[in-house]
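The values are calculated or read from the model by the stated rules, or taken from the named source; none is laboratory data. Just so you know, these numbers come straight off a predicted model, no measurement behind them. Positions of Cβ are generated from backbone atoms using ideal geometry, with glycine treated the same way; all protein chains shown enter the neighbour counts. To get the accessible areas, we keep the full protein, side chains included, count just its heavy atoms, and leave off ligands, DNA and RNA. Shrake-Rupley method; radii C 1.70, N 1.55, O 1.52, S 1.80 Å.
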Amino acid sequence: MTQFIALFVAAIALVVLPTIAAADCPKGYAPCGERNQLCCPRK
């Protein structure tokens, strides 16, 4: 049961963390690069 909870938490982290990283760009910058982890100036 503990293993299942650990896998469940890991799966949620894999889904949520890239979303947070992509949304963490300053104004005028857009997510870009591999999995939208980097911020680039908006064109």
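Observations on the model:
- Test: residue in region 25-33 that is open to solvent by 80 Å² or more (accessible area, probe 1.4 Å), outside any strand (DSSP E or B) and modelled with pLDDT under 80: no
- Scanning region 1-18 for residues that are open to solvent by less than 90 Å² (accessible area, probe 1.4 Å) and either in contact with a helix residue (DSSP H, G or I) (Cβ under 8 Å, 6 or more places away or on another chain) or modelled with pLDDT under 75 (or both) returns 12, 13, 16, 18.
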